[in-house]
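In what follows, a structure is listed as structure tokens, so that the remarks can point back to it.
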Amino acid sequence: MKGLDPLWLVLAGLGAGLSGSVAGLASLVSYPALLAVGLTPVSANVSNTVALVFSSVGSVWGSRPELTGQRARARRLGPVAVAGGLAGGLLLLETPSDTFARVVPCLIGLAALTILIPRNPTRLAPHVAHRPTWKLSAGVFLIAVYGGYLGAAAGVLLLALVLFATAEPLARGNAIRNLLVGLANATAAVVFVAIGPVHWSATVPLAVGCLAGGRLGPTIVRRVPAAPLRAVIACAGLGLAVHLGLDAYR
């Protein structure tokens, strides 16, 4: 790899950690940074997944207040995210990553629009708000598979699902999203470390920045009003959907 600049990757990781913990769009920053320093697409995807584990560590660390009271939900959905991440990681090593190329932009665009839908928490019975249904579990599994396989905007998809299926406000939904995405990424990362082409000289500085950015993100979510933040996340998701769609159908 030529022209590797660790400082550049640390800064890219910082931006990825922030955007990932706030909007679920970490790969929008980190993946192009890895391509820019000379990694092949497969190696960049694998190395990116490993580095983003540290973004999730920082995000969960910073989201501890919002995770209070969500232990039961985490215990039920955590193993589902792990299973999905494992399946997605194995799929990536066995099949070409353009398999989802034409479908993913539509999914991301739909998720971004879903985040804008106003919800009335009182319409959900207490047991629905605090206990995942099989539909929520199935959705988490499928998104975790996608996250381990390709990963672009998996956080946006999962945030939209959590907000739509529960009565949680944005900050608490974002906190459980960060935890579940982290579990899926960590599981896929274990597979990649064992048998995948991880480029450590790029992954380590990127991971350092991701850890710092991920730690700062929940503070922003906690302090910024939910409505404008939802709008920013949705606009960023729609922008990514359009970009990926143009690439896929070009």
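The values are calculated or read from the model by the stated rules, or taken from the named source; none is laboratory data. Quantities reported herein were computed from a predicted structural model and do not represent experimental measurements. Glycine also receives a Cβ, built like all others from the backbone with ideal geometry; neighbour counts cover every protein chain displayed.
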Selected residue (only one of LEU161, LEU179, LEU211 is in contact (Cβ under 8 Å) with a residue 12 or more places away in the chain, under 17 Å from LEU25 (Cβ atoms) and either outside any helix (DSSP H, G or I) or under 18 Å from the mean Cα position of the chain (by Cα) (or both)): LEU161
Looking only at region 121-149, and only at residues there that are at pLDDT below 70 and not in a helix (DSSP H, G or I), the one that is surrounded by the most Cβ atoms within 10 Å (Cβ to Cβ): PRO132
Scanning region 19-70 for residues that are under 18 Å from PRO169 (Cβ atoms) and surrounded by fewer than 20 Cβ atoms within 10 Å (Cβ to Cβ) gives ARG64, PRO65, LEU67, THR68, GLY69, GLN70
Sort through ALA236, ALA167 and tell me the only one that's in contact with a Leu (Cβ under 6 Å, 6 or more places away or on another chain) and outside any helix (DSSP H, G or I). ALA167
List pairs: first residue in region 56-69 and in contact (Cβ under 8 Å) with a residue 60 or more places away in the chain and polar (S, T, N, Q), second residue part of a loop (DSSP other than H, G, I, E, B) and surrounded by 13 or more Cβ atoms within 10 Å (Cβ to Cβ) anywhere in the structure, Cβ distance under 8 angstrom, at least six positions apart or on different chains. none
Residue in region 70-84 that is nearest to VAL145 (Cα to Cα), counting only those that are touching a helix residue (DSSP H, G or I) at 6+ places or on another chain (Cβ under 8 Å) and not aliphatic (A, V, I, L, M): GLY84
So is ALA202 aliphatic (A, V, I, L, M) and either part of a loop (DSSP other than H, G, I, E, B) or on the phi > 0 side of the Ramachandran plot (or both) or not? no
Counting only residues that are over 19 Å from VAL156 (Cβ atoms) and not hydrophobic (A, V, I, L, M, F, W, C), region 14-39 contains a total of 1
Listed residues PRO41, PRO65; which is modelled with pLDDT of 80 or more, more than 15 Å from the chain's Cα centre (by Cα) and of a type outside the set (Gly, Ala, Ser)? PRO65
Please identify the pairs in which a residue from region 185-206 that is of a type in the set (Ser, Thr, Tyr) has its Cβ atom under 6 Å from the Cβ atom of a residue that is assigned to a helix (DSSP H, G or I) and modelled with pLDDT of 85 or more, counting only partners at least 6 apart or on another chain. THR187/VAL82; THR187/GLY85; THR187/LEU86; THR203/SER47; THR203/VAL50; THR203/ALA51
